[in-house]
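The values are calculated or read from the model by the stated rules, or taken from the named source; none is laboratory data. Predicted, not measured: the structure shown is a model, and the values here were computed from it. With ideal geometry, Cβ positions are generated from the backbone for all residues, glycine too; neighbour counts draw on all protein chains shown. What goes into the accessible areas is simple: the full protein's heavy atoms, side chains included, and nothing from ligands, DNA or RNA. Shrake-Rupley method; radii C 1.70, N 1.55, O 1.52, S 1.80 Å.
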Amino acid sequence: FQAEDGIRDYKVTGVQTCALPIWDPLLIPWLTRTVVADAAAIRRLVDLRDAVATDPASDPALRAAFAAQAWYTGRAWGGQAPTPEARPMYEGTVDPLPPVEIPFLGEPDDPTSVVVRAQYEEHPYPRLVGVHLRERVGLSAYVQAACRLDRAFPPDARVLVAGGGTGRHPIGLASAVGPVTCIDLSRASLAIAAALARRHGIPVRFLHGDLLTLPPELGPFDFVDCVGVLHHLRDPARGLAGLVRQLAPGGLVRLGLYSERGRAEVVAARAVVADLTPDDDGLHTARARLLALPPDHPAAPIAGSVDLWTQPGLRDLVFHPCEHRYTPTQVRALVEGAGLRVAALQHASSEPARLYAARWPEDGAQADLDRWDELERGHPRIFTGMIHVWCERG
């Protein structure tokens, strides 16, 4: 690992019984630049963490690395709160984010929005380790690369991110396409996002409000991006209708919606933890239960989710107070009900498109959601993340 000030060899005393190769130069970057999401590795890392925390001769860089990981995960690994003498291990490891003024558009008028906002105020999501800054290419090239649609957008195209969370997506998008407007329900999440955007010099205008009550004068936008948001509204159709009202003629909407079949293990996991509450103790208990499931349990695949390993992530994953899930045919009905049509789908890997082409080689557009529904019935994991659709006015 090439540190900023040169090659380092990290050592710590007093942990000879730990099986982890603590001299590995990748250990500190692993702890400080990622969320560790491997149960077996975490069990060994916890032993090392506890030894480091109580050893006054341990390497300060390694102590700080464990503190950074604790901050990223919300102390998902458990353990006692740091004692006063160990507290320096937990301090000064993450740069403080300066406050940013964010315009407020008004209180939500929907009781579900109020409950959802409370969750994200307490647990801003996602827990950020960093942001992915892209090469500046402009909106036309971004769209073509994402979904193979050829659209000529002006250089000053207006972009709205509806539901930007802690900023990973709007900041990454703005680095690629230029200035972006982002609205989110949670002020706590927006505070993180706005400070990060300012730190990196990325042009994002943040607004605090509910996408169900967007003011008409906010638009029009050439591109409206809404991934992972509509399915958390009490009335997703109302939310989509509001976004369409913000759309300029010839504009595009990208939606990311949970798949009914693709989230089968999440549904099963929610049943396993249904008696728990999403406070710290409940989240730790939920994580332990889910990791202890036998391999043949319907919820067992959830152990592979990185969201399992942060407190905000686990709460969002299995304790969310409002979650809708869709088959591709139901997505089509939602989109058409808003006066849109599906122009393209976007996939995280090449496998779904390959399966579709093998079944319907004459359909190069691959935008028929009824066909995707048929395909998903035989391959229920092709939309394990979300169904991502790009839509235009019908």
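Numbers at a glance
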{"read-out": "Karplus (6.51, -1.76, 1.60) ³J(HN,Hα), θ = phi - 60°, over segment 48-53, in Hz, Gly and Pro reported as x", "value": "5, 4, 5, 5, 5, 5"}
{"read-out": "222 nm mean residue ellipticity, helices alone, for the chain (DSSP H n ≥ 4; -39,500 (n - 2.57); rounded to 500)", "value": "-11500 deg cm²/dmol"}
{"read-out": "Separation in nanometres of the label points that stand 7 Å from Cα toward Cβ, at F104 and D296", "value": "5.5"}
{"read-out": "Inter-label distance for A39 and T285, nm, one decimal - labels placed 7 Å from Cα along Cα-to-Cβ", "value": "1.9"}
{"read-out": "Interchain or long-range residues, amide H under 5 Å from Q246's placed H", "value": "none"}
{"read-out": "Karplus (6.51, -1.76, 1.60) ³J(HN,Hα), θ = phi - 60°, over segment 149-157, in Hz, Gly and Pro reported as x", "value": "8, 8, 9, 9, 9, x, x, 9, 3"}
{"read-out": "Gain upon complete extension [R136, L276; 0.36 nm per residue less C-alpha separation]", "value": "45.9 nm"}
{"read-out": "Fully extended contour minus Cα-Cα distance, from D156 to E336, at 0.36 nm per residue", "value": "61.9 nm"}
{"read-out": "FRET efficiency estimate (nearest 0.05) - Cβ-Cβ, A353 to Q144, R0 22 angstrom", "value": "0.90"}
{"read-out": "Size of electric dipole in the chain: Cβ of Lys, Arg +1 and of Asp, Glu -1, about Cα centre, debye, nearest 20", "value": "440"}
{"read-out": "From phi via Karplus (6.51, -1.76, 1.60), per-residue ³J(HN,Hα) for segment 385-393 in Hz, x at Gly/Pro", "value": "x, 8, 8, 9, 10, 9, 10, 9, 5"}
{"read-out": "Nearest-0.05 FRET efficiency for A237 and T213, computed from C-beta distance (R0 22 Å)", "value": "0.90"}
{"read-out": "The chain: C-alpha gyration tensor shape, a/c 1.5 cut-off, then a/b vs b/c", "value": "prolate"}
{"read-out": "Accessible area of the chain belonging to carbon and sulfur atoms, whole % at 1.4 Å probe", "value": "54"}
{"read-out": "Mean Cα-pair separation over length for segment 156-274, i.e. relative contact order, pairs under 8 Å, 6 or more apart, %", "value": "25"}
{"read-out": "V306 accessible area, assembled protein chains, probe 1.4 Å, Å²", "value": "80"}
